[in-house]
Amino acid sequence: MHPRQMLLSLGFYLFTAVGISLTIIAAVGVSSFSALNVTLSTATGIQVGTLTTALNLTFMAACLALDPARSWRQYGLMTVALLLFGSCINFFTYVVFSPLAPHQYVARLALFLLGTAMGGFGTGRVLKYALLKFPIETWCSLMAARTRISFQRYRYGVDAGCVLLAIGLAWALHLPLTVREGTVLSFLMLSGMITLGRR
């Protein structure tokens, strides 16, 4: 394992977290997974980065149970990366960007597009180096290997589940809806930015 590549992987992991923070501050809707995290944060008062880490660790635990070739070193690195990931989201969302949040819709939309581009590109770079993994994608891969259902269907299923849960919680608890135009834009943009980051 090359130390420079590991540092770059971790750097882009955190770069992705900064992008997510920008999309949250923009307040025009967020990606499907973030929609659930932001809704849960609003409902419980727990910071969104903390919930992001908790849900990611839940998927990682499921990966550990499913992975026949599990590497404890790899999962240890993933745990450290996830803890830093959530802390980074909290720091930039609540400390750095919160006082700077724009009020004009066009500015908020531009901020969202920038954050989505950063998040997608950062994810693509992490995937290119193949040293750190994202728990949801890893879980989808492991499930696809065990069943006749494709990776893409599992991944879209996770997205759909997050969106439905976010909408259901917002409706039941009378919370602000986080599934908005930004959710659609992230769906359209992310795969392209991830592909660009993997080059």
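Annotations
- The residues of the range 62-78 that are among the polar types (S, T, N, Q) and surrounded by 15 or more Cβ atoms within 10 Å (Cβ to Cβ) amount to a single one, Q74.
- Criterion: outside any helix (DSSP H, G or I) and out of contact with any strand residue (DSSP E or B) (no Cβ under 9 Å at 6 or more places or on another chain) - qualifying residue of A69, A81: A69
- Selection of the range 34-50 for residues being surrounded by fewer than 22 Cβ atoms within 10 Å (Cβ to Cβ) and either within 11 Å of the chain's Cα centre (by Cα) or not in a helix (DSSP H, G or I) (or both) yields G45, I46, Q47.
- Some residue of the range 119-139 being outside any loop (DSSP other than H, G, I, E, B), over 19 Å from A17 (Cβ atoms) and not charged (D, E, K, R): yes
- Residue match in the range 63-71 (condition: closer than 23 Å to T183 by Cβ and in contact with a Ser or Thr (Cβ under 7 Å, 6 or more places away or on another chain)): no
- Residue under evaluation G124, criteria (1) modelled with pLDDT of 90 or more; (2) surrounded by 19 or more Cβ atoms within 10 Å (Cβ to Cβ); (3) of a type in the set (G, A, S), criterion not met: (1)
- From the options S71, S34, residue that is modelled with pLDDT of 95 or more and closer than 30 Å to R146 by Cβ: S34
The values are calculated or read from the model by the stated rules, or taken from the named source; none is laboratory data. Predicted, not measured: the structure shown is a model, and the values here were computed from it. Note that each Cβ is placed from the backbone with ideal geometry, even for glycine, and that neighbours are counted across all protein chains shown.
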